[in-house]
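Colleague: One structure coming up, written as C-alpha cells, with questions to follow.
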Amino acid sequence: MWHDSVLGTIGNTPLVRINNIGTDLPCTVLGKVEFFNPGGSVKDRIGLSMIEDAEAKGDIEPGGTIIEGTSGNTGAGLAIAAIAKGYRCIFTTTDKQSQEKVDVLRGLGAEVLVCPTNVEPDDPRSYYSVARRLSEEIPNSVYLNQYDNPSNVQAHYETTGPELWEQTEGHITHFVAGAGTGGTISGTSRYLKEQNEDIEIIGVDPCGSVFHKYFHEGVFDEDEIYPYFTEGVGEDILPDNMDFDIVDDFVEVEDKAAMQMTRRLAREEGLFIGQSCGMAMAGALQWIEDHRDTLSPDDVVVVLLPDSGFRYLSKTYNDDWMRNHGFLEKKPDVTADEVLSIRQKQTDVIDASPDDALGDVIEKMTDEGISQMPVIDDDHEVVGSVTETRILNHLIENPESRKAPVRNIMGTPFPVVPASLHLEHLSAYLEEDAGAVLVDHGPDGGYSVLTKSDLISALANVGQGNGANASNGTNAS
Ligand SMILES: Cc1ncc(COP(=O)(O)O)c(C=O)c1O
C-alpha cells in the first residue's frame, strides 16, 4: 500500500492522552498531535484545500505562482502541495518567526521575503501588504490569504472535526485550540457542534493579541496590542475566518507560561511540540482548574497541538534564548567564595598527610565532625582524598591495618577550583560525584573544602535572601 504523493499522508493525526502534566485532573485530556503531518503542522490541511479551491475558481492556471503571508507553517503546507502540482511559491513572513521556519520554506523550494513585525497591518511594509502587492504585480499568481479564505475553515470542517469525532467515538466534550487565522477553531468546532451542540469550545489567546478582549467585551482594543513571542497564534486584526459565535470561552496565556508548558510537554509527555501547543495546553489546564467543579471523569477535553518542536530549536528549546527572555527561572549566581562565606563555619582545610595512620585519620574526622578529607603532602600538593565510608570499610575488612598509612587506600584528589568559580560550574563538579571540591584561595590563602551540603544550604539561603526569579518577558519590544 502506498500514497500517490506525499499529499496522501496529510491528516489522520493521532490523539494522545496526557498522563503526567496536570496530575489530579478531573477529566481525560487528549492532545491532537499535528506534527505527524508531512510538513510538520496542522497547516498542511489547508495548503492543499486552498490551492484546489483557487484552481476550481480559475484563480490560478498551470505553472502559476502561489503567494501567501505565513508565519511558516502554512507556507510549508502550501509548498508541499505546490510541489505536487507544479506551482512556484513566494511567501512573506515576519522577522519574529524562527529561522528554522524560514529554512524549512526555502528547503521546500519557496522564495521567502522577511518583513518587519512591528508595523501596522496596512503599512506597505507589513507582510500582509507585501503579499497583496506581489499578487498584483506577478501575472498568473494568486494571493491565498488564509485569514479570509473560506477554504481554510472548510479544510478543518472536512478533516480535523470528523477525525476528532471518530477518534473519540463521539465522546469529545470540550475542544481547546489557539487561534491565528481562526481556521482551525472555527472549522473544527462547526463540525463538532453539528454532531453535538453541547460540546464546549475554548479558545486560547496569547497576551498581547486582540481576540481575548474582543470575545469577552466586544472591543477591538488597539491599546492592548503589544508584541509577544508565542508564534503563529493571536492577531492584531480580526480575520474573517475567526468565528467568535462558535466559541464558548476564551482564556489568555502569558508567553512565559506558554514556553514553560511547551518544554514540560516534551520532557514529561515525550511530545516534542511547538510554542502554540504549550500555550494551548497551559490555557486548557487553566480552564479545567477554573471549572473543576463542573467536570467529571466522563469529560474528554481535546487540545489541538499545531506543530513540532523542531521549528523552535533556536528559541524555546534553547536555554540561552529562554533565559535571555526571562522564560527560565534564573539560577542564583553565587561563587564558590560566596558559598563558603554563607556557610559561616571553619573554612580552613582539615587535611590528612599521605603518611598519617588510618586510625588517626578516622579519629580526626570524628572529632571535627567531617566525613571526607583531602590528602595533602609536605609540598602542599593535593595528592588524594579519603572519605569516612572508604576508611571504615577498609578497617572492617582489615582490622589490623589501623596503623597503615592513608596513602594505601586514598582515592583520587578532589577537583581544585578557583574561589571565583560560578555556581553553574561548581554544581557540575559536584554532580559528577566528586563528593567535594577544594577551593583554591591563591598562593597564600590555602584551600577550603566545599561539599554538596554546603551548596544546598547556601542555595536555600540565597533563595530566601534575594528572590532570584527572572522578570517577566512578555513586554518585549
Ligand atoms: C504554530 C501555529 N499554531 C497555531 C496556529 C493557528 O491556527 P489557525 O490559523 O488555524 O487559527 C498557527 C497558524 O499559523 C500556527 O502557525
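Colleague: Would you be able to tell me the number of residues in the stretch 162-215 that are in a helix (DSSP H, G or I), polar (S, T, N, Q) and away from the ligand (no atom under 16 Å from the Cβ)?
Modeller: Adding up the residues that qualify gives 2.
Colleague: Right, something else. Taking Thr117, is it surrounded by 22 or more Cβ atoms within 10 Å (Cβ to Cβ), among the β-branched types (Val, Ile, Thr) and not assigned by TED's automatic domain parsing to the domain that holds Glu231?
Modeller: So Thr117 fails the test.
Colleague: Kindly list the number of the only condition in (1) free of Cβ contacts under 8 Å to residues at least 24 places away in the same chain; (2) in the same structural domain as Asp440 (by TED's automatic domain parsing); (3) assigned to a helix (DSSP H, G or I) that fails for Ile391.
Modeller: (1)
Okay, residues lined up against (1) of a type in the set (Lys, Arg); (2) in the same structural domain as Asp249 (by TED's automatic domain parsing); (3) out of contact with any Pro (no Cβ under 6 Å at 6 or more places or on another chain); (4) modelled with pLDDT of 90 or more:
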residue: Asp307; (1), (2), (3), (4): no, yes, yes, yes
residue: Thr316; (1), (2), (3), (4): no, yes, yes, yes
residue: Lys331; (1), (2), (3), (4): yes, no, yes, no
residue: Gly369; (1), (2), (3), (4): no, no, yes, no
residue: Gln372; (1), (2), (3), (4): no, no, yes, no
residue: Gly384; (1), (2), (3), (4): no, no, no, yes
residue: Thr387; (1), (2), (3), (4): no, no, yes, no
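Colleague: Quick check on my filter: what residues within the stretch 431-452 are part of a helix (DSSP H, G or I) and at pLDDT 80 or above?
Modeller: Residue satisfying the conditions is Lys452 alone.
Colleague: Which one of Ile138, Ile46, Ile80 is more than 16 Å from the ligand (Cβ to nearest atom) and either assigned by TED's automatic domain parsing to the domain that holds Trp165 or at pLDDT 95 or above (or both)?
Modeller: Ile138
Colleague: Based on what the data block shows, is Met242 hydrophobic (A, V, I, L, M, F, W, C), buried (at least 21 other Cβ atoms within 10 Å of the Cβ) and either away from the ligand (no atom under 14 Å from the Cβ) or not in a loop (DSSP other than H, G, I, E, B) (or both)?
Modeller: no
Colleague: Which one of these does Met259 not meet: (1) modelled with pLDDT of 95 or more; (2) closer than 21 Å to Thr93 by Cβ; (3) part of a loop (DSSP other than H, G, I, E, B); (4) not β-branched (Val, Ile, Thr)?
Modeller: (3)
Colleague: If you don't mind, there's one more thing I want to ask. Report yes if some residue within the stretch 248-260 is surrounded by fewer than 18 Cβ atoms within 10 Å (Cβ to Cβ) and under 19 Å from Leu164 (Cα atoms); otherwise report no.
Modeller: The answer is yes; a qualifying residue exists.
Colleague: Being farther than 30 Å from Pro14 by Cβ and surrounded by fewer than 19 Cβ atoms within 10 Å (Cβ to Cβ) is the filter here; which residues of the stretch 142-173 pass it?
Modeller: Asp148 - this is the single residue of the stretch 142-173 that is farther than 30 Å from Pro14 by Cβ and surrounded by fewer than 19 Cβ atoms within 10 Å (Cβ to Cβ).
Colleague: Quick check, is Arg125 of a type in the set (Lys, Arg) and in contact with a strand residue (DSSP E or B) (Cβ under 7 Å, 6 or more places away or on another chain)?
Modeller: yes
Colleague: Determine if the stretch 1-12 includes at least one residue that is in contact with a strand residue (DSSP E or B) (Cβ under 8 Å, 6 or more places away or on another chain) and either more than 16 Å from the ligand (Cβ to nearest atom) or not in a loop (DSSP other than H, G, I, E, B) (or both).
Modeller: No, the stretch 1-12 contains no residue that is in contact with a strand residue (DSSP E or B) (Cβ under 8 Å, 6 or more places away or on another chain) and either more than 16 Å from the ligand (Cβ to nearest atom) or not in a loop (DSSP other than H, G, I, E, B) (or both).
Colleague: Just for the stretch 195-232: of the residues that are out of contact with any Phe, Trp or Tyr (no Cβ under 9 Å at 6 or more places or on another chain) and of a type in the set (A, V, I, L, M, F, W, C), which one is surrounded by the most Cβ atoms within 10 Å (Cβ to Cβ)?
Modeller: Ile225
Colleague: Need the failing condition index for Glu252 against (1) acidic (Asp, Glu); (2) within 16 Å of the ligand (Cβ to nearest atom); (3) in a loop (DSSP other than H, G, I, E, B), just the number.
Modeller: Result: Glu252 passes all but (3).
Colleague: Would a scan of the stretch 129-136 turn up a residue that is assigned to a loop (DSSP other than H, G, I, E, B) and loosely packed, with under 14 Cβ neighbours inside 10 Å?
Modeller: Checked against the condition, which is being assigned to a loop (DSSP other than H, G, I, E, B) and loosely packed, with under 14 Cβ neighbours inside 10 Å, the stretch 129-136 yields no hits at all.
Colleague: Please enumerate the residues belonging to the stretch 220-239 that are more than 12 Å from the ligand (Cβ to nearest atom) and at pLDDT 95 or above.
Modeller: Once the filter is applied, which keeps residues that are more than 12 Å from the ligand (Cβ to nearest atom) and at pLDDT 95 or above, the stretch 220-239 yields only Leu238.
Colleague: Please list, ordered by residue number, the helices (runs of 4 or more DSSP H) wholly in the stretch 277-368 having 3 or more residues that are touching a residue at least 40 places away in the same chain (Cβ under 8 Å) and buried (at least 18 other Cβ atoms within 10 Å of the Cβ).
Modeller: Here the list reads 336-343.
Colleague: Here's something else I'd like to know. Quick check, is Gln260 touching a helix residue (DSSP H, G or I) at 6+ places or on another chain (Cβ under 6 Å) and either touching a residue at least 40 places away in the same chain (Cβ under 8 Å) or away from the ligand (no atom under 16 Å from the Cβ) (or both)?
Modeller: It is false that Gln260 is touching a helix residue (DSSP H, G or I) at 6+ places or on another chain (Cβ under 6 Å) and either touching a residue at least 40 places away in the same chain (Cβ under 8 Å) or away from the ligand (no atom under 16 Å from the Cβ) (or both).
The values are calculated or read from the model by the stated rules, or taken from the named source; none is laboratory data. Bear in mind that the values here come from a model prediction, so they are computed numbers and not experimental data. Don't worry about glycine lacking a Cβ; one is built from the backbone with ideal geometry, like all the others, and counts go over all protein chains shown.
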